[in-house]
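The values are calculated or read from the model by the stated rules, or taken from the named source; none is laboratory data. Keep in mind the model is a prediction, meaning the values are calculated, not measured. Neighbour counts run over all protein chains shown; Cβ positions are idealised from the backbone, glycine included.
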Amino acid sequence: MPTLGVTMGDPAGVGPEVLLLALARGALPGGARVRVFGDRGVLAERAARLGLEPPAELVEACRLAPGEAPPGAYTPAGGRAQVQCLEAAAAELGAGRLTALVTGPLHKRALVEAGAPGPGQTEFLAARLGARLPVMMLCGPRLRVVLATTHLPLREVPGALTRAGLVELVRVGAAELRRYFCPDGPRLGLAALNPHAEEGGLPGREEREILAPAVAELCALGLQVEGPVPADSLFAQAAEGRYDAAVALYHDQGLGPLKALHFHDAVNVSLGLGRVRTSPDHGPAYALAGTGRADPTSMRAAMELALAMALRDRGAPP
């Protein structure tokens, strides 16, 4: 029987609520056990407020005093609790005691204040699991987007792009897509950086000097990669089925189209960790915390996708 670990995320955010609501939607694929990493009091209080049962299997990875992390705003105590839950779950995942892990929405400030690897949970888990190159992918039923860079200021993106870096990232992403999603090998489209993928070197030269050579090298390695494709066309083509995934060069280039299609059901997938990890594609959403209006669709999708990936992977931990 597979065991799915789930962290509650920020206790002051919607993480505990979407976790409880997602579990209330019924049994998970494969008859999976769910092991929740969180605070007993927080989860019991949110469950009572929603008229639901608290989790059947709880690892009390943190303990908050009443009132230390009230719904609606980040607190240092809540930040520590987020990191403690993530630490405990990462240890269980690394030891092979979890089939897969779903992480609840976390505030990045918590990792900074704890002096933990970051800036996000992807990088944290990569450090804890010894993964050399984690790759962030966001996906929904119609569109998958792999990010070449993640949380960089826009002005820093061109300088962060290198031929060698893109080749390695796409190689890792393609291998993981083949492992979990596309057994015949994924068809990938690489986004251009500049409008119209440059025209005669205008308005930029990145396509000619970095992106096209990277695509040529990837194709020489036997991968199915096209590009650079103008970004204003790539994502529509991917959503229509021409590509199994689009490779976006920066965060909002990829997440804008993705969330236009999958605002409520997108899932964040960490590729290259050597373990299965997903998360809902949203943050703590403090304005909704404690109101009962949080939508658990993305959390439920993250749980189901994590189990589906693990079940497709014969090498997954028991």
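Among the residues of segment 301-317, are any under 21 Å from Glu168 (Cβ atoms) and part of a helix (DSSP H, G or I)?
no
Please go through segment 183-193 and give me each residue that is out of contact with any strand residue (DSSP E or B) (no Cβ under 7 Å at 6 or more places or on another chain) and modelled with pLDDT under 95, ordered by number. Don't jump to the end; show me each part of the working.
Taking segment 183-193 and keeping what is out of contact with any strand residue (DSSP E or B) (no Cβ under 7 Å at 6 or more places or on another chain), we get 183-184, 193.
Result: Pro183, Asp184.
Can you tell me which residue is farthest from the chain's Cα centre (by Cα) among those in segment 32-60 that are of a type in the set (A, V, I, L, M, F, W, C) and within 24 Å of Ala310 (Cα to Cα)?
So, considering only residues that are of a type in the set (A, V, I, L, M, F, W, C) and within 24 Å of Ala310 (Cα to Cα), the one farthest from the chain's Cα centre (by Cα) is Ala56.
With the structure loaded, tell me whether Glu113 is in contact with a helix residue (DSSP H, G or I) (Cβ under 9 Å, 6 or more places away or on another chain), surrounded by fewer than 19 Cβ atoms within 10 Å (Cβ to Cβ) and either without any contact (Cβ under 8 Å) to a residue 40 or more places away in the chain or closer than 25 Å to Ser298 by Cα (or both) or whether it fails that test.
On the way: in contact with a helix residue (DSSP H, G or I) (Cβ under 9 Å, 6 or more places away or on another chain): yes; surrounded by fewer than 19 Cβ atoms within 10 Å (Cβ to Cβ): yes; either without any contact (Cβ under 8 Å) to a residue 40 or more places away in the chain or closer than 25 Å to Ser298 by Cα (or both): yes.
It is true that Glu113 is in contact with a helix residue (DSSP H, G or I) (Cβ under 9 Å, 6 or more places away or on another chain), surrounded by fewer than 19 Cβ atoms within 10 Å (Cβ to Cβ) and either without any contact (Cβ under 8 Å) to a residue 40 or more places away in the chain or closer than 25 Å to Ser298 by Cα (or both).
I need every pair where a residue in segment 257-268 that is assigned by TED's automatic domain parsing to the domain that holds Phe235 has its Cβ under 9 Å from the Cβ of a residue that is surrounded by fewer than 23 Cβ atoms within 10 Å (Cβ to Cβ) and among the acidic types (Asp, Glu), sequence separation at least 6 or different chains.
His264/Asp295; Val267/Glu304
Table: residues versus (1) in contact (Cβ under 8 Å) with a residue 40 or more places away in the chain; (2) outside the structural domain of Thr162 (by TED's automatic domain parsing); (3) crowded, with 19+ Cβ neighbours inside 10 Å; (4) among the aromatic types (Phe, Trp, Tyr).
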{"position": "Ala214", "(1), (2), (3), (4)": "yes, no, yes, no"}
{"position": "Pro230", "(1), (2), (3), (4)": "no, no, no, no"}
{"position": "Gly254", "(1), (2), (3), (4)": "yes, no, yes, no"}
{"position": "Arg300", "(1), (2), (3), (4)": "yes, yes, yes, no"}
{"position": "Met309", "(1), (2), (3), (4)": "yes, yes, yes, no"}
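Restrict the check to segment 284-296 and report whether at least one residue is within 14 Å of Met136 (Cβ to Cβ) and not in a helix (DSSP H, G or I).
Initially, segment 284-296 is screened for residues within 14 Å of Met136 (Cβ to Cβ), giving none.
So far as segment 284-296 goes, no, none of its residues is within 14 Å of Met136 (Cβ to Cβ) and not in a helix (DSSP H, G or I).
What's the total number of residues in segment 84-110 that are touching a residue at least 60 places away in the same chain (Cβ under 8 Å) and surrounded by fewer than 18 Cβ atoms within 10 Å (Cβ to Cβ)?
2
Kindly evaluate Gly130 against the criterion of being surrounded by fewer than 18 Cβ atoms within 10 Å (Cβ to Cβ) and more than 15 Å from the chain's Cα centre (by Cα).
yes
Quick one: Gln121 ticks every box in (1) surrounded by 21 or more Cβ atoms within 10 Å (Cβ to Cβ); (2) closer than 16 Å to Val276 by Cβ; (3) assigned by TED's automatic domain parsing to the domain that holds Glu217 bar one, so which box is it?
All conditions are met except number (3).
Got a sec? Which of Leu138, Leu169 is within 19 Å of the chain's Cα centre (by Cα) and part of a strand (DSSP E or B)? Lay out the reasoning, then the answer.
Values: Leu169 fails: part of a strand (DSSP E or B).
Going through Leu138, Leu169 in turn, just one is within 19 Å of the chain's Cα centre (by Cα) and part of a strand (DSSP E or B): Leu138.
Can you tell me how many residues in segment 108-135 are closer than 26 Å to Ala77 by Cβ and in a helix (DSSP H, G or I)?
Final tally of qualifying residues: 14.
Can you tell which of Gly78, Gly26 is in a helix (DSSP H, G or I), under 22 Å from Leu101 (Cα atoms) and assigned by TED's automatic domain parsing to the domain that holds Val112? Write out each step before concluding.
Details: Gly26 fails: in a helix (DSSP H, G or I).
Exactly one of Gly78, Gly26 is in a helix (DSSP H, G or I), under 22 Å from Leu101 (Cα atoms) and assigned by TED's automatic domain parsing to the domain that holds Val112, namely Gly78.
Specify the residue that is nearest to Ala174 (Cα to Cα); the eligible residues are those in segment 267-286 that are buried (at least 24 other Cβ atoms within 10 Å of the Cβ) and small (Gly, Ala, Ser).
Ser270
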